[in-house]
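The values are calculated or read from the model by the stated rules, or taken from the named source; none is laboratory data. Just so you know, these numbers come straight off a predicted model, no measurement behind them. Because the Cβ atoms are built from the backbone with ideal geometry, glycine has one as well, and the counts that use them run over all protein chains shown.
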Amino acid sequence: MKALKNPAHRAWLVLLVATGITWYLGEVGAAGTGAIVAMLLIAFVKGRLVILDFMELRGAPLMWRLLLEGWLILVSGLILLAYWMSLR
């Protein structure tokens, strides 16, 4: 398929599938640490794809990529830490 050679089209397809997976996990009532970590990981991958492909930072200067991807890592880590602390 010629359309899938475009990185934005591939990213869109991955985002669509990832959204479907998280929707399914919510519909079946997935709970527990495994489900939470899986959904956070999916959200991280989706955020990274948006940053790199839709905000077109894949070819941007390193400073911008580090800034936005670092922010994504920080927020994801803080959410994971808050969840872990709530279990104690």
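Results, tabulated for the structure shown:
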quantity: Checking GLY26 against (1) exposed (fewer than 14 other Cβ atoms within 10 Å of the Cβ); (2) at pLDDT 95 or above; (3) within 30 Å of LEU87 (Cα to Cα), the condition it does not meet; calculated: (2)
quantity: Residue tally, condition over 26 Å from ARG10 (Cβ atoms), loosely packed, with under 15 Cβ neighbours inside 10 Å and at pLDDT below 95, over segment 36-76; calculated: 0
